[in-house]
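Pasting a structure here, questions to come.
The values are calculated or read from the model by the stated rules, or taken from the named source; none is laboratory data. Every value quoted in this text rests on a predicted model; they were computed, and no experiment measured them. Note that we place each Cβ from the backbone using ideal geometry, even for glycine, and neighbour counts take in every protein chain shown.
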Amino acid sequence: MSKHVSPPQGPNEIEKIDLKDALEERYLAYALSTIMHRALPDVRDGLKPVHRRLLHVMQLLRLDPTAAFKKSAKIVGDVMGGYHPHGDQSIYDALVRLAQDFSSRYPLVDGQGNFGNVDGDSAAAYRYTEARMTDVAKLLLEGLDEETVDFRPNYDGSLQEPVVLPGAFPNLLANGSSGIAVGMATSIPPHNAAELCDAALHLIKSPNASNEKLLQLVQGPDFPTGGIVIDGRASIIDAYKTGRGGFRVRARWHQEELPRGMWQVVVTEIPYLVQKSRLIEKIAELLLAKKLPLLGDVRDESAEDIRIVLEPKSRTVDPTLMMEQLFRNTELESRIPLNMNVLSGGKVPKVMSLAQVLREWLDHRKEVLVRRSNFRLAEIARRLEILEGYLAAYLNLDEVIRIIREEEEPKPALIKRFSLTDNQAEAILNMRLRALRKLEEMQIRGEHQALSREQKALKALLKSGDEQWAKIAAEIKAVKESYSKKTPLGRRRTDFAEAPEIDPDFEQAMIEKEPVTVVCSEKGWIRVMKGHLEDFSSLAYKDGDRGQYAFHAMSADRVLLFSSSGKFFTLDVGKLPGGRGHGEPVRLLCDLDAADSIVALFVHAPGTRRLVASTDGDGFIVPEDDCLATTRKGKQVLNVNTPAEAAVCTAVPEAASHVAAIGENRKLLIFRLDEVPEMARGKGVRLQRYKDGGLSDAKAFNLREGLTWTDSSGRNFSVTDLKEWIGERAQAGRMPPKGFPLRNKFG
């Protein structure tokens, strides 16, 4: 039988912790760690800790721009083992991004081997690639070993790492940054270094300069992959003032002419961070799904440079319209966000404006200059102390030699005899015999004088703020010269333009524009004949039917049909039946009631106005654009009460001043056009009053030109003296002039 063992006893006093408080405390610590040590860049050098550690290790490995390349595995291993206790893949990914000229505007790493490409292919493993620093990285590190910045212990306390780099290059804005922390994120696009230097120099001259003034020098983002920003200037200025916004970036393209009137579009630059292979796959998918009706084919002919060829469906397609469709549906247009959320002073997350970012960088440069000058002064003081000891020895050389030869402890004796410091005495004792020649004494005196002059200049520099800013300005001008817009790396790659103001109708754009003749019979059979026919008498119709409408149009036009029920129907000429045979009933193309008849059929002319009226004599003026119907059911415009019907739909000339109305009772009335209201829909107002019958026809015309009509034989008549028929709207009118057609129609 086993012996019973009591469970181990815990501490006598158990500390109780509220779960909510514990979670809040631990999550806050995690959030702060992510914000401070992973996701947000420092405004002073524009780097996150992993990038800073990479550059620091590369400097320790002496991987200068002129040095031999070293394996990326060595760099990643040293960073991970000494400074960055995270996964090797994440460190290598950061290194790769710093080397990619399509990701970094001014690469900090010079890579040798496969570092990926704009297609989205990943880099080779770190055992195959090699790296060293670029000149930009050297600028960021310049003065690091001269106590210009603070150092802190690494994660295990065995090494020291810089808190921030000296940053002689405006890296935050020049290369940009992006990251997602806890509850906040950052997204800063790259900019042109020469423009940033100009803005910084202006800020030195005018410390209170506005963002608007600085944005006259900094045009906007400058992406390594080029492209065109199509935002308005006002929105760009607002984004930089608030630190939040975004930029619409479009691909750069041009049209190439081909034989036989054909052409193609060639895309040479794509938006920033867009993978070319994925972009082409997306275009191909949309093409197969028939969602890009204007595009015929897409090909990738890229080598070192990007060359994406887009073939149109037809040579009659407008290239601007085709590209507009692609911009709306693919990543050929991309939105790059701006969120300048950075660590101010390396401690406080803050969304900054352009002026604030540049100001903090300049303040950091000033602090670096002061600390570097103090470091140099201390070095000069130490060297001058030694040189003064040497000079004392040269002046009393025989005595110094005697003391060294005869004294058992020469050091104290030297100090006592010549009032030297410990360092001076030690330096004299360590001096080589060959240094005792006269030439060496002259060199030491020359060095002493040069160092004394430098010491005096540095002290004057530290006392004068103006001299400090002048020195900083000179350094910034040197950077600007190195990366000016005349250099291949410094030239501006991204341009600015306004987006074209078009509202594309892509289906209409697919239709080839060619002349046609629209023919419609009395019984409503409609067809389209190719070309503009001059003689309509040769047109054939079904037995018992005859022609009613025949007019010229273009294949891309739209035709409006006005029915006796007061509805407008819209027909696309390109979709009307061809001219072989007698065509098709118009009722198959739109929902025209069997009881309805066609009152008018005409080509839509944008901007035109129409006079519509019913047999009751009610009518109004309506813009043609308001008559367009989007469905087969049509659009009710003129409200009519049965048994009345719509009877008139006539164009209103721009010069029209009066309206002529004639009733079935053969009474003619002329009144001013401004008495008729303009409406989009309704019954209208009474145009003419009748005892018997209703309205037969109406017409808008210019009174000075006179009233014209056409008789049954096709002859035109005109009357200019119309005083006896002029009245006011809704009157009865008088019998028309002699010769007016008996059918009571103007045309």
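Being small (G, A, S), surrounded by fewer than 24 Cβ atoms within 10 Å (Cβ to Cβ) and in contact with a helix residue (DSSP H, G or I) (Cβ under 9 Å, 6 or more places away or on another chain) is the filter here; which residues of segment 179-193 pass it?
If the condition is that a residue be small (G, A, S), surrounded by fewer than 24 Cβ atoms within 10 Å (Cβ to Cβ) and in contact with a helix residue (DSSP H, G or I) (Cβ under 9 Å, 6 or more places away or on another chain), then G179, A181, G183, A185 are the ones that fit.
Additional query: For residues that are touching a helix residue (DSSP H, G or I) at 6+ places or on another chain (Cβ under 7 Å) and part of a loop (DSSP other than H, G, I, E, B), tally how many sit in segment 150-163.
Looking only at that region, the number is 2.
The rows are residues; the columns are (1) assigned to a loop (DSSP other than H, G, I, E, B); (2) of a type in the set (S, T, N, Q).
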{"position": "I204", "(1), (2)": "no, no"}
{"position": "S235", "(1), (2)": "no, yes"}
{"position": "A239", "(1), (2)": "no, no"}
{"position": "Q255", "(1), (2)": "no, yes"}
{"position": "V265", "(1), (2)": "no, no"}
{"position": "L273", "(1), (2)": "yes, no"}
{"position": "S302", "(1), (2)": "yes, yes"}
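Let me ask something additional. Can we say V96 is out of contact with any Cys (no Cβ under 8 Å at 6 or more places or on another chain), in contact (Cβ under 8 Å) with a residue 24 or more places away in the chain, farther than 21 Å from L144 by Cβ and not basic (K, R)?
Taking the combined requirement at face value, the residue satisfies it.
What pairs come out if I take residues in segment 135-149 that are in the same structural domain as T66 (by TED's automatic domain parsing) and within 23 Å of S104 (Cα to Cα) and pair them with residues that are charged (D, E, K, R) and assigned to a loop (DSSP other than H, G, I, E, B) whose C-beta lies under 7 Å away, six or more apart or interchain?
Hits for this filter: K138/D64; L140/D45.
Taking the conditions exactly as written (in contact (Cβ under 8 Å) with a residue 12 or more places away in the chain and surrounded by fewer than 19 Cβ atoms within 10 Å (Cβ to Cβ)), does Q731 satisfy them or not?
Considered against the rule, which asks whether it is in contact (Cβ under 8 Å) with a residue 12 or more places away in the chain and surrounded by fewer than 19 Cβ atoms within 10 Å (Cβ to Cβ), Q731 comes out as yes.
Scan (1) on the phi < 0 side of the Ramachandran plot; (2) surrounded by fewer than 18 Cβ atoms within 10 Å (Cβ to Cβ); (3) not aromatic (F, W, Y) for the single condition H582 breaks and write down its number.
(2)
Restricting to segment 304-341, and then to whatever is among the acidic types (D, E), part of a loop (DSSP other than H, G, I, E, B) and free of Cβ contacts under 8 Å to residues at least 60 places away in the same chain, can you tell me which residue is surrounded by the most Cβ atoms within 10 Å (Cβ to Cβ)?
D305
Go through F620, F569, F551 for me and flag whichever is of a type in the set (A, V, I, L, M, F, W, C), within 22 Å of P653 (Cβ to Cβ), in contact (Cβ under 8 Å) with a residue 40 or more places away in the chain and buried (at least 19 other Cβ atoms within 10 Å of the Cβ).
After ruling out the rest, the residue left standing is F620.
Quick grid of which residues meet (1) surrounded by 10 or more Cβ atoms within 10 Å (Cβ to Cβ); (2) modelled with pLDDT of 80 or more:
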| residue | (1), (2) |
| --- | --- |
| E406 | no, yes |
| P410 | yes, yes |
| A413 | yes, yes |
| R417 | yes, yes |
| A427 | yes, yes |
| N430 | no, yes |
| L433 | no, no |
| L436 | yes, no |
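Tally time: how many residues in segment 49-67 are crowded, with 23+ Cβ neighbours inside 10 Å and free of Cβ contacts under 8 Å to residues at least 60 places away in the same chain?
The qualifying residues number 3.
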